[in-house]
Amino acid sequence: MGSFVLFCPQHNNTLSVIRTISFIISFIVLCSCGQNPVSKTPATTISVANDSFFNPMPEAEIKKYRQEISDYYDTNLAGKGFNGSIIVAKNGQVLFEDYKGIYNFATREPVTEHTPFHLASISKTFTGMTVLKLWEEGRISLDDSLQKFFPKLPYHGVTIKMLLNHRSGLPNYLYFMDSCWNKKVKATNWDVVNFMIEHKPAADVQPGKSYHYCNTNFILLALVIEIVTQQPFPQYMKDSIFTPLGLKDSYVFSTADTLHYIPTYSVTKPFFMDHLDCTYGDKNIYSTVRDLFQWDKVLYTNSFLKKTTLDMAFTPYSNERKSMHNYGLAWHLYFNKSDSIIYHNGKWHGSNTSFTRLIQDTATIIVLGNKVNNNIYRAREMSSIFSGRKDTTKLEE
């Protein structure tokens, strides 16, 4: 991360009032400046994934897979402190599903199929694909600049596409907001934008120069969705994405939900809410393994986005260094000869999450946990059950 020096003002009541008023004025101005006319009509109707897309499997093959998955799970997750949920599927069919441990440690409420876990960075796949949906509908261009939506942001040459593929070079708000922000105040996405306008933390690299994973990119994309749709991100995602796609237990956590926050855990202690727990787009989508399995089928069957759009999303954009690892638009990629893995993992407080799509096998491994357990990221090793080859990949956490 590039170095920068910030002046840290004291956050007294007067400044808080002034800042609040300025944010409201900024939001009104930003929503009215430098945009295409915005349609107020609902989003295009979405067809739910059709299971007839997938080839059925013989019962003997299903039985074999289930036994091998169960053996791996018992040894590497259930037997090693796993607290969460898991689904492993192939050809649109669930082969293995389990729910283990505690969801709410205060009430001892158990984990069930309806338990929503904080997805952490898996949230980026929803934010990114929603941006591409708006692009398909002609409501934005991937070449639109940051200044079209945020006229006062002092970072030029950055496009929507660069936000999606992490080539913006922007500084990571998780660092600069952590160094100089009143930690008694829970920051919102607009707080981050206004902080960047006021303090101008230095960019890490020039835009387009190299791949640089950065959470700032996706909190900006969430605001782009808000500006274009004229709806709060949590409401738009619920009404136009989650509900139409049949994701019944998914939602976006925001400041409106703080009274209902349920801590995740380290080995022994809870992670209570902090000043960065209300920003969304890069994180803060909550979901279940069943909803993610539905999301997976939607992607396989092109029920949400056109195949050509998904092909673009799954294209490597970080080619300055030759590697089997790469990043597309809101997805990590791993290509090794015939092996194609499209995935995203997540980590935030005690949330460890893994969403691995084995394209060559039409198989999916989804593991969500709310208590720190790095074995979750090794769940991709189950790919060997489908490929017949030992897993040697090391995917990005």
>> Quick check on region 304-311. Is at least one of its residues touching a helix residue (DSSP H, G or I) at 6+ places or on another chain (Cβ under 8 Å) and over 23 Å from Tyr211 (Cβ atoms)?
In response: yes
> Within region 335-348, how many residues turn out to be surrounded by fewer than 20 Cβ atoms within 10 Å (Cβ to Cβ), in contact (Cβ under 8 Å) with a residue 40 or more places away in the chain and touching a strand residue (DSSP E or B) at 6+ places or on another chain (Cβ under 9 Å)?
Replying inline: 2
> Which ones in region 266-300 are of a type in the set (Val, Ile, Thr), touching a helix residue (DSSP H, G or I) at 6+ places or on another chain (Cβ under 6 Å) and under 27 Å from Tyr99 (Cα atoms)?
Replying inline: Ile285, Val298
>> Considering only region 241-255, I want to know if a residue exists there that is closer than 23 Å to Asn352 by Cβ, modelled with pLDDT of 95 or more and of a type in the set (Lys, Arg).
In response: no
>> Yes or no: region 234-248 includes at least one residue that is in contact (Cβ under 8 Å) with a residue 60 or more places away in the chain and over 26 Å from Arg290 (Cβ atoms).
In response: no
> helices (runs of 4 or more DSSP H) wholly in region 124-215 with at least 1 residues that are without any contact (Cβ under 8 Å) to a residue 12 or more places away in the chain - which ones?
Replying inline: 189-199
>> Filter region 87-123 down to the residues that are aromatic (Phe, Trp, Tyr), part of a strand (DSSP E or B) and farther than 25 Å from Phe54 by Cα and list them by number.
In response: Tyr99, Tyr103, Phe117
>> Just checking, does region 278-294 include any residue being among the polar types (S, T, N, Q), modelled with pLDDT under 95 and within 16 Å of Gly84 (Cα to Cα)?
In response: no
> Is it the case that Val298 is modelled with pLDDT of 95 or more, in contact with a Leu (Cβ under 6 Å, 6 or more places away or on another chain) and within 25 Å of Ile219 (Cα to Cα)?
Replying inline: yes
>> What pairs come out if I take residues in region 297-308 that are in contact (Cβ under 8 Å) with a residue 60 or more places away in the chain and pair them with residues that are part of a helix (DSSP H, G or I) whose C-beta lies under 6 Å away, six or more apart or interchain?
In response: Val298/Leu245; Thr301/Phe53; Phe304/Val298; Leu305/Leu132
> Which condition number does Tyr213 fail, the rest of (1) surrounded by 20 or more Cβ atoms within 10 Å (Cβ to Cβ); (2) aromatic (Phe, Trp, Tyr); (3) within 18 Å of the chain's Cα centre (by Cα) being met?
Replying inline: (1)
> Within region 61-77, can you find the residues that are touching a residue at least 24 places away in the same chain (Cβ under 8 Å) and of a type outside the set (Val, Ile, Thr)?
Replying inline: Tyr65, Arg66, Glu68, Ser70, Tyr72, Tyr73, Asn76, Leu77
>> With crowded, with 16+ Cβ neighbours inside 10 Å, more than 15 Å from the chain's Cα centre (by Cα) and within 27 Å of Leu299 (Cβ to Cβ) as the only criterion, which of Pro207, Pro201, Pro232 stands out?
In response: Pro232
>> Every residue in region 177-198 that is surrounded by fewer than 19 Cβ atoms within 10 Å (Cβ to Cβ) and either basic (Lys, Arg) or under 18 Å from Leu163 (Cα atoms) (or both), please.
In response: Lys183, Lys184, Lys186, Trp190, Ile197
> Pairs, please: C-beta under 8 Å, at least 6 apart or cross-chain, first residue within 14 Å of Val367 (Cα to Cα) and among the aromatic types (Phe, Trp, Tyr) and in region 102-114, second modelled with pLDDT under 95 and loosely packed, with under 14 Cβ neighbours inside 10 Å?
Replying inline: none
> Can you tell me which residue in region 352-397 is modelled with the lowest pLDDT, limited to those that are farther than 19 Å from Ser85 by Cβ, in contact with a Ser or Thr (Cβ under 7 Å, 6 or more places away or on another chain) and assigned to a helix (DSSP H, G or I)?
Replying inline: Gln360
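The values are calculated or read from the model by the stated rules, or taken from the named source; none is laboratory data. Bear in mind that the values here come from a model prediction, so they are computed numbers and not experimental data. Backbone-built Cβ (ideal geometry, glycine too); neighbour counts: all protein chains shown.
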